[in-house]
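The values are calculated or read from the model by the stated rules, or taken from the named source; none is laboratory data. Owing to the predicted nature of the structure, the values given are computational and were not obtained by experimental measurement. Quick reminder, even Gly has a Cβ in these numbers, built from the backbone with ideal geometry, and neighbours come from all protein chains shown. To get the accessible areas, we keep the full protein, side chains included, count just its heavy atoms, and leave off ligands, DNA and RNA. Shrake-Rupley method; radii C 1.70, N 1.55, O 1.52, S 1.80 Å.
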Amino acid sequence: MVETLEDNLCTPALNSSCRLMPVTPEAVLIKTLLYCIAVLTVMLNLLVIISISHFRQLHTPTNLLLLSLAVSDLLLGLVVMPTAVVLVQSWCMDQITCALLYLLGFILTSTSVSTMVLISVDRYVAICEPLHYSSRMTTSRVKICVSVCWFCSVTYNLIIMKDHFSQIGKSDSCYQECAVTINYISGAVDLVLTFFGPVTIIIVLYTRVFVVAVSQARVMRSQAADVKSNTVTVKKSEMRAARTLGIVLFVFILCLCPYYTPSLAGQDTTVVDSPVTIWLFFCNSSFNPLIYAFYYPWFRKTIKLIVSLQILQPGSCETKIM
């Protein structure tokens, strides 16, 4: 009976596929830093969610997109990042938990990227076609777009990982190295839909926005003094939007390009082989609230109201923010 029980026990420590990082001061420092990134991601995105959800004046189509972005980034920092920190120390994990972890991470990141494209479209319409903005970018349409965005992200990543899910349970070991390998074909499709496609759309929209912003800045300088006061605010806002889109594009490429390097080289993408690229992938969710939310003056004002607990006062949702 004793021998039978011992044969059925799963001992992860005896599994040669489990790679353990030695407990060194450097390893502790790395884990602490990664936990700090996860906490920062949760806190920043939580502030964005509370701000937009609580204050009625912020219930605009643009802010609904920011809200969707913040929700996906919050879930990434709350669920995926802490688990990924544990994997930095040891890549041992049961197959189902490992697969679900990566699936959730891919879904949230895809949603974040696609929402970023929607925000670029929103800013393009607002700056280049301001007369049609109110009719084209309605609250109901934005809600539909956000819902479609989430649905497509879930469906798309289930398809991408279907080969990995089909292998679950076929191994005799109950504890394995937590790794997800995406074959070349799936990696190539993912490269186009999650990297090249969004980058191309953002570049095209950004170029158009930049051209319009520059031309309007020239018109602004030629305006007479009596009408200049009516146009300065709009032009400065458009120029800030153009600069913000440029920062978004740069950070987006910086965070995602290393992850897609194997696909560019015609290789399979194995997540476990390069945790640094995955964390750069994740860090895009930390940068999003800094790029989008801190750009808006209303966010700094709502932070003060939230931290000082003034939002708990009756009627605080009607506070004039902008």
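Among the residues of the stretch 74-82, is any buried (at least 19 other Cβ atoms within 10 Å of the Cβ) and within 21 Å of TRP298 (Cα to Cα)? Working first, answer last.
Initially, the stretch 74-82 is screened for residues buried (at least 19 other Cβ atoms within 10 Å of the Cβ), giving 74-77, 80-81.
This time we only want the ones that are within 21 Å of TRP298 (Cα to Cα), so: 74.
Yes, the stretch 74-82 contains a residue that is buried (at least 19 other Cβ atoms within 10 Å of the Cβ) and within 21 Å of TRP298 (Cα to Cα).
For the stretch 261-302, give me the residue count where each residue is in a loop (DSSP other than H, G, I, E, B) and either on the phi > 0 side of the Ramachandran plot or modelled with pLDDT of 80 or more (or both). Full working, then the answer.
Of all residues in the stretch 261-302, those in a loop (DSSP other than H, G, I, E, B) come to 265-268, 274, 294-296.
Among the residues that remain, those that are also either on the phi > 0 side of the Ramachandran plot or modelled with pLDDT of 80 or more (or both) are: 266.
Residues meeting the conditions: 1.
Filter the stretch 53-68 down to the residues that are hydrophobic (A, V, I, L, M, F, W, C) and either over 14 Å from ASN288 (Cβ atoms) or surrounded by 23 or more Cβ atoms within 10 Å (Cβ to Cβ) (or both) and list them by number.
Of the residues in the stretch 53-68, the ones hydrophobic (A, V, I, L, M, F, W, C) are 55, 58, 64-67.
Residues satisfying the conditions are PHE55, LEU58, LEU64, LEU65, LEU66.
Among the numbered criteria (1) crowded, with 20+ Cβ neighbours inside 10 Å; (2) more than 27 Å from TRP150 (Cα to Cα), which one does ILE30 miss?
Checking ILE30 against (1) crowded, with 20+ Cβ neighbours inside 10 Å; (2) more than 27 Å from TRP150 (Cα to Cα), the one that fails is (1).
Contact list please: Cβ distance under 6 Å, first residue in the stretch 142-164 and open to solvent by 60 Å² or more (accessible area, probe 1.4 Å), second residue in a helix (DSSP H, G or I) and among the hydroxyl-bearing types (Ser, Thr, Tyr), pairs at least six apart or on different chains.
Within 6 Å, the pairs are TRP150/THR111.
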